[in-house]
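Below: one structure, written as structure tokens.
The values are calculated or read from the model by the stated rules, or taken from the named source; none is laboratory data. For clarity, every value in this text was computed on a predicted model and none was experimentally measured. All Cβ positions, glycine included, derive from the backbone under ideal geometry; neighbour counts span all protein chains shown. We work out accessible area using only protein heavy atoms, side chains counted, and drop any ligands, DNA or RNA first. Shrake-Rupley method; radii C 1.70, N 1.55, O 1.52, S 1.80 Å.
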Amino acid sequence: MTTPQAGAALPAGSPHAIIDIAVAFWKSKALLSAVELGVFEELAVRPATRPDLARKLGIAGRGAADFLDALVSMGLLERDDTGVYRNSPPADRYLDPRKPATDISGYLSFLNAGFGCWAGLTAALRSGGRLDFSAALAASQAADQGGAGDPKLVDTGAGDDTFGEAYAAPDQVTGFLRAMTGYSMGANQALAERYDWSGVRTVADVGCAEGSLLAQVLSRHPHLQGIGFDLPVVGTGFDAHLKRVGLADRARFAGGDFLTGPLPAADAIVMGHVLHDWDLDTKKMLIGKAYDALPQGGRLLIYESLIDDARRERTTGLLISLNVSTVSAGGLGYTGAECGDWMRAAGFRDTTVSHLDGPEYLVAGVK
């Protein structure tokens with residue numbers, strides 16, 4: 001008989017550790033609503049008192065003081081002795097849309113739009129189907145307009161096109177690309193700052209979205225040239241973002257579909273937050289395509305919010321995997337050990353797993 005092994009230990013003397021987990025969505029929604037209302041964007045222009053801020057943002061309820069002070073308590077806002085609010089340093093850096101190189105508010109807007117999606121988690125777990133993200137967005141809009149609606153479940157089949165849903169309309173393309181920039185910001189910065197790029201001349205970002213990874217890496221390493229590879233509909237957003245950050249002359253967009261065609265050739269290929277969207281066979285196929293596209297000595301860099309090998313500790317990696325299992329056709333998270341096995345099976349050597357930032361980890365291999 002084996003003894004069960006726990007993950008994170010909760011204190012047994014009070015129920016509030018459990019209650020804190022249960023009400024964690026309150027903190028989440030306060031932050032997401034603050035982004036939706038424009039709190040951080042307004043305070044980035046000028047600090048303001050509560051009455052002035054409430055008037056500018058259209059906040060009429062008596063909860064305004066609690067709302068703003070909760071943001072203070074979470075370290076997102078600061079309030080001085082005269083009652084003037086301003087963005088905290090992290091909010092100033094990461095929640096100001098006027099700073100495209102570091103702004104993550106697009107990802108928070110994406111999460112806010114799909115906030116109701118997880119209301120269908122129980123049904124998704126029971127049925128084995130997946131949540132229709134487009135329906136969840138519609139339900140969110142209906143709720144904003146005084147309506148109601150529950151997230152719908154759809155059957156998971158081979159013909160499902162998760163990214164076809166994400167790119168269903170031009171405004172959805174823009175929103176999704178900005179979301180991916182925010183989601184990947186910490187990993188992109190860490191990869192640019194800490195990885196040894198000295199032996200690389202060209203880097204291709206597969207599933208590049210707006211090109212945030214290339215923006216970070218190229219800005220810190222002037223010898224590099226970049227290629228952004230994604231579906232053709234992404235090209236306009238990629239070009240616009242690289243132009244905004246002043247790097248359009250060192251990066252080009254290559255449109256294509258990595259499910260049906262080859263990957264672009266480069267000294268290093270990066271796949272950030274890509275493999276978790278796909279089933280196991282597709283994961284292995286994409287790693288194989290990267291091997292084919294790289295020269296001898298070329299490098300494959302894969303980063304994700306990895307699940308720990310024992311599946312006991314990294315809550316974020318596990319919940320991201322759970323999330324993608326409910327909204328994608330076949331996606332699922334994975335561990336560093338699993339990814340290393342797939343890379344070695346494809347022919348890569350010298351595989352390593354290293355920490356990047358927060359829940360983000362890098363799995364690297366050499367051809």
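If you go through the stretch 32-52 and keep only what is in contact with a helix residue (DSSP H, G or I) (Cβ under 8 Å, 6 or more places away or on another chain) and free of Cβ contacts under 8 Å to residues at least 40 places away in the same chain, you end up with Leu37, Gly38, Val39, Glu42, Ala48, Arg50. Taking the criterion of being charged (D, E, K, R), surrounded by fewer than 21 Cβ atoms within 10 Å (Cβ to Cβ) and assigned to a loop (DSSP other than H, G, I, E, B), would at least one residue in the stretch 290-307 satisfy it? The answer is no; no qualifying residue exists. In the condition set (1) in a strand (DSSP E or B); (2) open to solvent by 30 Å² or more (accessible area, probe 1.4 Å); (3) within 25 Å of Ala293 (Cα to Cα), His355 is compliant with all but (3). Taking each residue of the stretch 214-228 that is within 15 Å of Arg252 (Cβ to Cβ) and looking for partners that are in a helix (DSSP H, G or I) and polar (S, T, N, Q) with beta-carbon atoms closer than 8 Å, six or more apart or interchain, yields Ala215/Asn188; Val217/Asn188. Contact map, the stretch 181-193: first residue within 16 Å of Leu301 (Cα to Cα), second residue among the acidic types (Asp, Glu), Cβ cut-off under 8 Å, separation 6 or more or different chains; pairs are Gly186/Asp357; Gly186/Glu360; Ala187/Asp357; Ala187/Glu360; Gln189/Asp357; Ala190/Asp357; Ala190/Glu360. All told, Ala70 meets the bar of being out of contact with any Gly (no Cβ under 8 Å at 6 or more places or on another chain) and within 28 Å of Ala179 (Cβ to Cβ). The residues of the stretch 93-108 that are surrounded by fewer than 17 Cβ atoms within 10 Å (Cβ to Cβ) and assigned to a helix (DSSP H, G or I) amount to a single one, Arg93. Condition check for Glu313 on (1) within 22 Å of Ala190 (Cβ to Cβ); (2) surrounded by fewer than 15 Cβ atoms within 10 Å (Cβ to Cβ); (3) without any contact (Cβ under 8 Å) to a residue 40 or more places away in the chain: one failure, at (3). Among the residues of the stretch 57-77, is any part of a helix (DSSP H, G or I), open to solvent by 90 Å² or more (accessible area, probe 1.4 Å) and at pLDDT 95 or above? Yes, the stretch 57-77 contains at least one residue that is part of a helix (DSSP H, G or I), open to solvent by 90 Å² or more (accessible area, probe 1.4 Å) and at pLDDT 95 or above. Close Cβ contacts (under 8 Å, 6 or more residues apart or on different chains) running from residues in the stretch 53-74 that are over 16 Å from Glu36 (Cα atoms) to residues that are not in a helix (DSSP H, G or I) comprise Asp69/Arg79; Val72/Glu78; Val72/Arg79; Val72/Tyr85. Restricting attention to the stretch 311-345, the residues that are among the basic types (Lys, Arg) and in a helix (DSSP H, G or I) add up to 1.
Filtering the stretch 255-268 to residues that are surrounded by 15 or more Cβ atoms within 10 Å (Cβ to Cβ) and without any contact (Cβ under 8 Å) to a residue 40 or more places away in the chain leaves only Gly256.
The residues listed here are Ala204, Ala209, Ala192; of these, the one that is in a helix (DSSP H, G or I), under 20 Å from the mean Cα position of the chain (by Cα) and either modelled with pLDDT under 90 or farther than 30 Å from Ala123 by Cα (or both) is Ala192.
Scan Thr236, Thr260 and give me the residue that is assigned to a loop (DSSP other than H, G, I, E, B) and polar (S, T, N, Q).
None of the other options fit; the residue is Thr260.
Going through (1) of a type in the set (A, V, I, L, M, F, W, C); (2) outside any loop (DSSP other than H, G, I, E, B); (3) open to solvent by 10 Å² or more (accessible area, probe 1.4 Å) one by one, Met271 falls short only on (3). Is there a residue in the stretch 31-41 that is more than 27 Å from the chain's Cα centre (by Cα), part of a helix (DSSP H, G or I) and not aromatic (Phe, Trp, Tyr)? Within the stretch 31-41 (the criterion being more than 27 Å from the chain's Cα centre (by Cα), part of a helix (DSSP H, G or I) and not aromatic (Phe, Trp, Tyr)), the answer is no, since none of the residues qualifies. If only residues of the stretch 233-289 that are among the basic types (Lys, Arg) and over 20 Å from the mean Cα position of the chain (by Cα) are counted, the one that is nearest to Tyr361 (Cα to Cα) is Lys284. So, Ala254, is that one of a type in the set (Gly, Ala, Ser) and over 30 Å from Cys117 (Cα atoms) or not? For Ala254, the condition - of a type in the set (Gly, Ala, Ser) and over 30 Å from Cys117 (Cα atoms) - is met.
Only a single item in (1) open to solvent by less than 30 Å² (accessible area, probe 1.4 Å); (2) under 17 Å from Lys283 (Cα atoms); (3) touching a residue at least 60 places away in the same chain (Cβ under 8 Å) is not met by Val324, and it is number (3).
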